[in-house]
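Input: a single structure, listed below in structure tokens.
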Amino acid sequence: MDDEARPSETARFYTRARKFPKLIGRLHDGTRIPGGPYTVTQLVVLIVLTTGALLTRGIWGSTILVDLVISLAIGVGGAFAIGILPAQQRNLLSVAGGVLRAIRSPAHGRYHGMNVRIAPPRHARGKTAINPIVEPIEAEAQTVAEETTNKRLRRRVKPASPATPAVTASVTATGVERLLAQTRK
């Protein structure tokens, strides 16, 4: 038999990388669909959203003409949004199952197989007493602190050498001056 006379068969194998979406671009009479071509998913979303919006227009609608325009805009917007999404090779049922599992999962996760529960905040309660005689106590505390500081400085201050100026307790009034006096020893 000749090679031409033998019946030939063509086999094509497409991997997931070569999966092309089915497009609908023309009507039955051959005219182009405006804005097309569209995928089957886009047309299904357009029909479902437009029909759903028209069926629920009793809740949100006003006049029939405005309702038709709004319903069609919702359907076209949904179809356009679906067209922008990248084509995934995942089963839509598994995606929907993953979304449901994410919604039902505990908000704070799991630890050792148990749901983590964070205790609600508790209000701290306590009583405070305000002493109306604050100024005399503070003044007395300040004078006591000054006296003890002066006593300590008198004990620690050595006689000044001729190269450094003399530092006395009456001169050191601020904390910085006291620190400087301690470093000059």
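Only the coordinates and a few stated rules stand behind these numbers; no lab work does. Bear in mind that the values here come from a model prediction, so they are computed numbers and not experimental data. Please note: Cβ atoms are built from the backbone with ideal geometry, for glycine as well, and neighbour counts cover all protein chains shown.
A few points about this structure:
- Peptides 46-56, 93-103, 111-121, ordered by how many other C-beta atoms sit within 10 Å of their residues on average, highest first, read 46-56, 93-103, 111-121.
- Neighbourhood net charge (14 Å Cβ-Cβ; Lys/Arg +1, Asp/Glu -1) for ALA96: +3
- Full extension of the segment from ASP29 to VAL48, taken as 0.36 nm per residue of separation minus the current Cα-Cα distance, would add 4.4 nm.
- Cα gyration tensor shape of region 65-122, rounded if a/c is under 1.5, else prolate or oblate by comparing a/b with b/c: oblate
- A simple count of charges around ALA73, restricted to other residues whose Cβ falls under 15 Å of its Cβ and scoring Lys, Arg +1 and Asp, Glu -1, yields 0.
- Amide hydrogen proximity for THR39: with H placed 1.01 Å from N in the peptide plane, the residues at 5 or more positions away or on another chain lying under 5 Å are ILE24.
- Residue-normalised convex hull volume from the C-alpha trace of region 12-87: 123 Å³ per residue.
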